[in-house]
Amino acid sequence: MPALQPQPQITTLEQYEALPEDTRAEVFDGQIYYMSSPSQDHQTISTELTTILNSYIRNSNGTCRVFHAPFDVKLSDTPLTIVQPDIMIICDKDKLDGKRCNGAPDFIIEIVSPSNPADDYIRKLYYYEHAGVREYWIVDPRRKTVSVNYFEENKLNIQYSFESTIKVNIYNDLYVNFSDIAELLNI
């Protein structure tokens, strides 16, 4: 009889919530993954995009809310899946419980970390699509590209450069000019 292989520890919501407050971590199918701190360019992109999205929603008297990491999104209870997207728009206020978003945000932006690009391009793409996220952008500072995935219309992996103006598909009239953001970067 072959030897049993060790099984990954399944993290419960209680175990996740017991982590020290300054711990950056996500949980996929009950397995915890620790994250590194973001870079200066990552923070610059995040701040600019959050400002653009929040200003648009406020100026148009929208009801959706913009959140940025670290803010938990519980995509699944069983097995436990909790992510901390870099930026998200949540339109269903019933998903917010004061601690986290319970269910899929409408729009997510992830800014690729050079230490683990597969996480955003493969793992999170899969989880976000299957959880019901409407639109998912992958911003890659090293490649200077933005990959747009608009799941509602099955438009996947539409590539843009940092010189592009890109439409946020969940809105009729919101566009992001990435060349303005690129001017602020150290890349």
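So the values come out like this:
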| read-out | value |
| --- | --- |
| Relative exposure of MET35, MET88, judged by other C-beta atoms within 10 Å (fewest first) | MET35, MET88 |
| Kirkwood hydrodynamic radius of the stretch 58-164, Cα pairs, Å | 14.3 Å |
| Dmax and Rg, reported as Rg then Dmax, of the stretch 102-187 (C-alpha, Å) | 12.8, 36 |
| Neighbour net charge for PHE151 - beta-carbon separation under 11 angstrom, K R +1, D E -1 | -3 |
| Neighbour-count ranking [beta-carbon atoms within 10 angstrom, fewest first] of GLU21, GLU135 | GLU21, GLU135 |
| Cα Rg over Rh - the stretch 92-135, Kirkwood | 1.04 |
| Estimated dipole of the stretch 114-175 in Debye, rounded to 20 [Cβ of Lys and Arg +1, of Asp and Glu -1, Cα centre] | 200 debye |
| Dipole of the chain, positive direction: furthest Cα of THR63, TYR150, TYR127, with charges on the beta-carbon | TYR150 |
| Local electrostatic count, THR23, Cβ distance below 14 Å [Lys/Arg +1, Asp/Glu -1] | -4 |
| Violating pairs (Cα-Cα greater than 23 angstrom) within the set LYS74/LYS167; LYS95/LYS144; LYS95/LYS124; LYS93/LYS155 | LYS74/LYS167; LYS95/LYS144; LYS93/LYS155 |
| Euclidean distance of C-alpha centroids, the stretch 11-76 and the stretch 77-126, integer Å | 7 Å |
| Full-stretch length increase - LYS167, SER36 - with 0.36 nm per residue and alpha-carbon distance subtracted | 44.2 nm |
| Debye log10 I(q)/I(0) at q = 0.12, 0.17 Å⁻¹ for the chain, Cα point scatterers | -0.58, -1.15 |
| Rounded tilt (10° steps) of 40-59 against the dominant C-alpha axis of the chain | 70 degrees |
| No Cys partner within the rule (Cβ under 4.7 Å), the chain | CYS101 |
| Leading residue at positive end of dipole, the stretch 26-106 (Cβ point charges), from GLY98, GLN40, VAL83 | GLY98 |
| Proxy reagent accessibility, fewest Cβ within 10 Å first, across ILE122, ILE90 | ILE122, ILE90 |
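Since every read-out is calculated from the coordinates, none of them should be taken as a lab result. The structure displayed is predicted, hence computed values, not measured ones. As a convention, Cβ positions derive from the backbone with ideal geometry for all residues, glycine included, and neighbour counts pool all protein chains shown.
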